[in-house]
Amino acid sequence: MTTPFASLGLPEPLARACESLGFTEPTPIQQQAIGPALQGRDLLAQARTGSGKTLAFGLPLLAKIEPAALRAQALVLCPTRELADQVAKDLRAAARFLPNLKIVTLCGGIPLRPQLASLEVAPDVVVGTPGRILELIADSESSRAALSLEHVSTFVLDEADRMLDMGFVEDIRTLAKRLPKTSQTLLFSATFSEDIRAIAATLLRDPLEIAAALDDAPKIDEWVHVVEGGQRHWAVMQVLADKAPGATLVFCNTRKETAALTEALQREGFAADALHGDLEQREREEVLARFANGSLRVLVATDVAARGIDIAGLPMVLSAEIASDADQHVHRIGRTGRAGETGLAVSIVTPSEAHWRRSIEAARGAPFQERSLRLSAQRPKPLPAAFRTLQIDAGRQDKLRPGDVMGALTGAAGLPAEAVGKISLYPTRCYVAVARAQAEKALAKLREQGIKGRKLRVKAIG
């Protein structure tokens, strides 16, 4: 019997992988994009995060790969390392029944040497950020290029509007010039701004324009609260206390306000932390791991710092300061209400920000629903986290597996399985969420007995 994904023209191994991953029906963007992409058409596709866009470009891309060729045949550009990691993970899952296929992730912010080593045998698919890809293909008199793009047949720009916002437009143009003139280009963007259309006009050949994901709009309950400027922090706490979501991504417009709000939340007992540009990559990963595993209830960030964050099932997005433009607002609220779930998006607006509100309302073609917020004189009830995070200083490079960590915690440490939350494994470290009441016991046992007979350094980080 022909499966829904096979009916789109996909090879049997890819259709079977979709079925094994639990995908029963293609999403609207997949239904519209996969067939034309398989036929070699360039695509200009409008698709929000959570619409299934990775498989929309990933499945046709994988269908064209010849693993025996031992050369890079596809290049996927992403705005951030976090998004690149997620895209590569999704492509590997989709390629589970394709033998000998190599996918590498090449991004800035981490040492170059391991990435150079990963290119000693040419990958089939490259996923990365523009700056690092340029660094690896640039040849000079003293060094030859580590990565060749001369055989790339599929070029993907994922979240192209974010890359343009981050100033990557010239890097993208430079990379495009290094590709074969016959390569297929698939451009995916949450918005179709004038800048997006301008770069599409120079990079794409007779593209098919798709906006199917817009018909599958997320279910988001959205409104604004109008407060005075001095009440902003109190209003944020009141909304958090009233709604008590398991996780909330809070947006601020400046790094200074991000730090001030985070400090205020922590002082009042909220399990909150900040994401900002001053963090080292390892610190950033630590904060994101804690937020994803439930050790943080509130993550406060600017739009720039939050780019690439992909937290499944995020129930609420809160703009402590309303976005300064409509595209920014769209990207914020697109983090919630995904995969058929209902989300909540709330914006705090002061009188001095009314012009931003009017601008967004004009772009969306409808006014915001406005709700009154009664600010109590009493302190809002804080939101502690259900979990704490333990950091283990070993990872994939040390042959550590999630099953090893789970076994140590539920075996020698004696924790019930339900007390162990998400386990996030990185090359040199591992983060595991443990129920708050069991965290000290787990920490002591892991330090005392180790994991699979190995004594490893373990500490609680949140």
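Scanning the range 156-184 for residues that are crowded, with 19+ Cβ neighbours inside 10 Å and either in a strand (DSSP E or B) or among the β-branched types (V, I, T) (or both) returns V156, L157, I172, Q184.
Name the single residue that is surrounded by the most Cβ atoms within 10 Å (Cβ to Cβ) among those in the range 430-462 being among the small types (G, A, S) and part of a helix (DSSP H, G or I).
Step one: of the range 430-462, the residues among the small types (G, A, S) are 433, 435, 437, 439, 442, 444, 450, 453, 460, 462.
Pick out the ones that are also part of a helix (DSSP H, G or I) and you get 437, 439, 442, 444.
Numbers: A437: 10, A439: 20, A442: 24, A444: 12.
Residue satisfying both the conditions and the ranking: A442.
Condition first: among the basic types (K, R) and without any contact (Cβ under 8 Å) to a residue 12 or more places away in the chain. Now tell me which residues in the range 413-462 satisfy that. Passing the criteria: R447, K455.
Residues that are surrounded by fewer than 16 Cβ atoms within 10 Å (Cβ to Cβ) and hydrophobic (A, V, I, L, M, F, W, C) were ranked within the range 408-429; the one that is modelled with the highest pLDDT is A417.
Residue pairs whose Cβ atoms lie under 7 Å apart, sitting 6 or more positions apart in sequence or on different chains, and linking a residue in the range 251-267 that is surrounded by fewer than 16 Cβ atoms within 10 Å (Cβ to Cβ) to a partner that is among the acidic types (D, E) and not in a helix (DSSP H, G or I), do not occur here.
The rows are residues; the columns are (1) at pLDDT 95 or above; (2) touching a Cys at 6+ places or on another chain (Cβ under 8 Å); (3) not assigned by TED's automatic domain parsing to the domain that holds T129.
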| position | (1), (2), (3) |
| --- | --- |
| L164 | no, no, no |
| Q184 | yes, no, no |
| L187 | yes, no, no |
| E194 | no, no, no |
| R197 | no, no, no |
| W223 | no, no, yes |
| P245 | no, no, yes |
| R255 | no, no, yes |
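Within the range 351-381, take every residue that is surrounded by 13 or more Cβ atoms within 10 Å (Cβ to Cβ) and of a type in the set (A, V, I, L, M, F, W, C) and give me the one that is nearest to A264 (Cα to Cα). Selected residue: L375.
For P427, the conditions (1) part of a helix (DSSP H, G or I); (2) under 25 Å from E82 (Cα atoms) are fulfilled apart from (1).
For every residue, the table says whether it meets (1) touching a residue at least 40 places away in the same chain (Cβ under 8 Å); (2) more than 18 Å from A306 (Cα to Cα); (3) not assigned by TED's automatic domain parsing to the domain that holds D165.
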residue	(1), (2), (3)
A323	yes, no, yes
A326	no, no, yes
H331	yes, no, yes
E341	yes, yes, yes
A345	yes, no, yes
I348	yes, yes, yes
E353	no, yes, yes
R358	no, yes, yes
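Residues that are surrounded by fewer than 17 Cβ atoms within 10 Å (Cβ to Cβ) and either of a type in the set (D, E) or touching a Lys or Arg at 6+ places or on another chain (Cβ under 8 Å) (or both): does the range 68-87 have at least one? No; the residues of the range 68-87 include none that is surrounded by fewer than 17 Cβ atoms within 10 Å (Cβ to Cβ) and either of a type in the set (D, E) or touching a Lys or Arg at 6+ places or on another chain (Cβ under 8 Å) (or both).
Is it the case that the range 140-155 has a residue that's part of a helix (DSSP H, G or I) and buried (at least 20 other Cβ atoms within 10 Å of the Cβ)? No.
For the structure I just gave you, tell me whether V405 is surrounded by 17 or more Cβ atoms within 10 Å (Cβ to Cβ) and either assigned to a strand (DSSP E or B) or assigned by TED's automatic domain parsing to the domain that holds G269 (or both). Show your work before the answer.
Values: surrounded by 17 or more Cβ atoms within 10 Å (Cβ to Cβ): yes; either assigned to a strand (DSSP E or B) or assigned by TED's automatic domain parsing to the domain that holds G269 (or both): no.
Answer is no for this residue.
Evaluate the following for L112: is it within 24 Å of A15 (Cα to Cα) and assigned by TED's automatic domain parsing to the domain that holds L179? So L112 does not fit the description; no.
Scanning the range 339-372 for residues that are out of contact with any Ser or Thr (no Cβ under 7 Å at 6 or more places or on another chain) and of a type in the set (S, T, N, Q), we see that the one that is nearest to T191 (Cα to Cα) is S359.
The values are calculated or read from the model by the stated rules, or taken from the named source; none is laboratory data. The structure displayed is predicted, hence computed values, not measured ones. In this analysis, Cβ positions are derived from the backbone assuming ideal geometry, glycine residues included, and neighbour counts consider all displayed protein chains.
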